[in-house]
Structure formats: C-alpha cells, structure tokens
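Down below is the structure, laid out as structure tokens.
The values are calculated or read from the model by the stated rules, or taken from the named source; none is laboratory data. Quantities reported herein were computed from a predicted structural model and do not represent experimental measurements. Note that we place each Cβ from the backbone using ideal geometry, even for glycine, and neighbour counts take in every protein chain shown. Note: areas computed on protein heavy atoms with side chains; ligands, DNA, RNA excluded. Shrake-Rupley method; radii C 1.70, N 1.55, O 1.52, S 1.80 Å.
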Amino acid sequence: MRPLVDLRTMIELGRWLGPWTDGQVMPRDVSREELLIEGRRAEDRAFSAFVYRSQRRAPVGSLLLVPGLHYLGPLDARMDRFARILAAAGLTVLAPRLPDFTSLVLGERIFDDMSRAFSALLALPGRPPGRPGVFSISFGSLPSLWLASRSGLASEVGSLIVFGGYADFGDTLRFCIHGRPGAAHDPLNRPVVFMNLLPWLDDKPEDPAPLVAALRKYVEATWGRPEMKVDGKWQAIARSVADELAPAERPLFFAATGATGDTKALVEAALGRSGDAFAWLDPGPFLQDIRCPVHFIHGADDDVIPYEQAFALAKRLPEGVCQGIHVTGLYGHTHKADPGTTLRDVPALVREGTTLLKMLSAVARCGGG
C-alpha cells in the first residue's frame, strides 16, 4: 500500500508545486493551529509553532518544517503556503517559530529549541504512526542536521530533506556580502550579517539598539519583494530608514546595507576578530553521525547560498546516507522561478521534469516514517 500512498501524495504535491500553478494560489481545505512550546527549564524560552492538517484527507505521515532566518518564520506567506501544500498532500506538519531565526541573530540555544519542537511533533494527538521527516530550509539546515545526528531524538527522525542548506558558514557570509563572479547574488541580506557580527565591528555604537532596529526595519521593508533587488530600489529604502538614525550611526548602517562604505573590509575585519565564536555553526561535525536517509534540494540560481554547498554537505555524509542531490531551476532560495525564463528549451524541460519528479518523491517519502 505504501507506494500507492506515496504516489497519491506526489500527485497532490505536484498539483501545487509544479510550474503550472500560480505561486500565489494555495489549498483551502487545510487548518492551521497555533501551539505554544514551553521550556523544560527555568532558563528556556517559550515559542510558538503552527500545526497544519488537511480537513479532507486522513494523514499519511508527519513532518517538521524548519524555516530559515526570517523575521516572520513560518508566518511568511511563502512558508505558510508551502506548509499548507504539504498538509493538503496528507502530511501533518509542525512549523516552529524558532526565536533565534525570527530575531535574525543566531545563538546556540537553537539546538534545544529544535529538540523541543520535534518533541512537540512526536506528541501531537492524532499524529499518524511512524517516524516523522524533517524538511529544512536555508539556515534551518544546521539545527536539522544536528537533530538527525547528535540529539537524543536522532533515532526518531525518519528522513531529512535539506533545501538550500549551507556547508561552510564563513563562505556563506562572504557570499551574502559580495557574491561571486558569474553567480546571482541577493543584495538584501547584508544587514543580517552585520547584526550577527556586531560585537566585533569597528566603530559600533555604545548602544546598538537603534542601529539594530533600523537594520531590521530595512529588512522588513525589502525582503520578500523581488523588485527590490533591481535598479537600486533597495538603496532608496536604505536612505529613508537612515533618516531616522543619529548622524553618527548612519555610516555603519549604510555599510551594513551596502549602500555606501567598504562593506567587505568591515566584514573581513570583524570575522578576524571573532576568533572561533562561530565554530558552533559548522555543520561538519554532525554529518558523520547521521543515519537516516537524506535528500538535498537546491536552486541552481540560489542567490543566497550557492548550490555547490549541497554537494559539499553530501560528500561528508556516511556512505549510503545521501539519497540524492536535486539541483533545480524551478525554485530559487526564496521564490518560485518563472518557468518562462528557466525552461528555455526541450532538453531543459526534460531535465527539470525529471528533477521535479525526484523532488516530489523525496518529499512524499520524507514524512512517511
């Protein structure tokens, strides 16, 4: 029966995720319930998660959907749509609003938060039997790889899909700042790099709160709006937000947004001063301990984390663990690509069709335990 269940799930996923469907349209017969995940110890912080279930189909599996760095977390419209599509296909989905990711500043408590989110999924009333899958997006790859390797719950993870994940944190930061020749590059992510490097930056203000608030306001005004990436539109937003800062804080703000200043030099100097402060963000130590099946999906034109990082992750896994690396032109890092610009000829159409089928198969099986 399982192959038939997976096939039905694949068909439902393909209906919504394929290039034939408008990226703004979503299933309607899906419920979303907010769940509070409380701490185990006094120092733990509570955070919310959202549970998605189909209202017309009995669940056939379950999935932890792990967002990346985004101030809205699973409430971002693109994440919410994806969660609803997964649920409509028969998966019970839990998407946590991880505090470090919504704050845009990374911290090691992300691992404990991840463990509690997965435990909440395991304990959901009505969750179908079997080990849940984990689907990570972007920077969500780090806690997801940890969960499947070194956490006390690793044996409960059925399989893992890493979408747009990173292998080298330093290279990823540098790509966010200045990209590389011949590769698409998102100019809107620089402020998050500066927010995480703030303790080691030259000329940082004594009270960084106004600067951080301005950077976050800039992010909220530009992210999720592809038109901001072209024709310098993001620069106009940067100048508008900067007007609210004290004059002494504006040079660092402009460098953090890339509007003016030597952004690259500031970042390199800060990375040099940080020493091993970011060593914990290296996913390498987790990879050899993973035993569940792992699929990697990455956009060929990912402008935040280059697709080569998927291959770098895969080659460090134990033999037989990686089930596939699927590089697609249908999806970028944060958006569904325009098929008219992606599929320019018949061979490209055939390749993308084959890749899409493999991706749909991986997702269908991921939540099936």
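Descriptive notes on the structure:
- Loop-located trypsin sites (Lys or Arg not before Pro) in region 106-184 (DSSP state other than H, G, I, E, B) with a sparse environment of at most 16 neighbouring Cβ atoms within 10 Å: ARG109, ARG150.
- Exposure rank, largest accessible area first [TRP234, TRP20, TRP146; 1.4 Å]: TRP20, TRP146, TRP234
- The angle between the Cα long axis of helix 209-222 and the main principal axis of the chain comes to about 50°, on a 0 to 90 degree scale.
- 222 nm mean residue ellipticity, helices alone, for the chain (DSSP H n ≥ 4; -39,500 (n - 2.57); rounded to 500): -12000 deg cm²/dmol
- Fraction of antiparallel bridges per DSSP, region 12-122 only, in percent to nearest 5: 75
- Treating r as the C-beta distance of ALA184 and ASP44 and R0 as 30 Å, the FRET efficiency rounds to 0.15.
- The order of HIS178, HIS185 by accessible area, most exposed first and with a 1.4 Å probe, is HIS178, HIS185.
- Atom-type composition of the exposed protein surface of the chain places 54 percent of the accessible area on carbon and sulfur (1.4 angstrom probe).
- The Cβ shell under 12 Å around LYS204 holds other residues with a net charge of -4, Lys and Arg each +1, Asp and Glu each -1.
- When Rg and the Kirkwood radius Rh are both evaluated on Cα atoms of region 153-248, their ratio Rg/Rh stands at 1.06.
- Across region 10-26, computed HN-Hα scalar couplings (Karplus, 6.51 cos²θ - 1.76 cosθ + 1.60, θ = phi - 60°) run 4, 5, 5, 4, x, 4, 9, 9, x, x, 7, 10, 4, x, 9, 8, 9 Hz from first to last residue, x flagging Gly and Pro.
- Globularity index of region 265-306, i.e. its alpha-carbon radius of gyration over 2.2 N^0.38 Å: 1.67
- Dipole-positive endmost among ALA88, VAL192, MET228 within the chain (Cβ charges, Cα centre): ALA88
- Between ALA265 and ARG351, the FRET efficiency estimated from the beta carbon spacing at R0 = 30 angstrom works out to 0.15.
- Distance cut-off 31 Å, percentage of C-alpha pairs in the chain lying past it: 34
- Lysine pairs in the chain whose alpha-carbon atoms fall under 24 angstrom of each other, counting only those eight or more residues apart or on distinct chains, come to 11.
- Separation of the ARG239 and TRP280 label points, Cα + 7 Å toward Cβ, nm: 4.1
- Separation between Cα centres of region 12-72 and region 208-232, rounded to whole Å: 26
- Å² of accessible area per residue within region 51-127, as computed with a 1.4 Å probe and no ligands counted: 28
- Our analysis of region 45-122 gives Rg over Rh at 0.99, with the two radii drawn from alpha carbon positions and Rh computed by the Kirkwood formula.
- Solvent-accessible area per residue, Å², over region 159-306 with all protein chains present [probe radius 1.4 Å]: 42
- Rounded to the nearest 10 Å², the accessible area of GLU12 at probe 1.4 Å: 30
- The chain, dipole about Cα centre (Lys/Arg Cβ +1, Asp/Glu Cβ -1), debye to the nearest 20: 1340
- Remark on GLY61: its backbone amide H falls under 5 Å from those of THR92, a criterion applied only to residues 5 or more positions apart or on other chains, H modelled at 1.01 Å from N.
- Net charge of neighbours whose Cβ lies under 15 Å from the Cβ of GLU308, counting Lys and Arg as +1 and Asp and Glu as -1: -1
- Summing charges over all other residues whose Cβ lies under 13 Å from the Cβ of GLU12, with Lys and Arg as +1 and Asp and Glu as -1, gives +3.
- Here r is the Cβ-Cβ distance between ALA209 and LEU7 and R0 is 45 Å; the resulting FRET efficiency, rounded to 0.05, is 0.25.
- Along the axis of the charge dipole computed for the chain (Cβ charges of +1 for Lys and Arg, -1 for Asp and Glu, origin at the Cα centre), the listed residues SER54, PRO205, GLY170 are led at the positive end by SER54.
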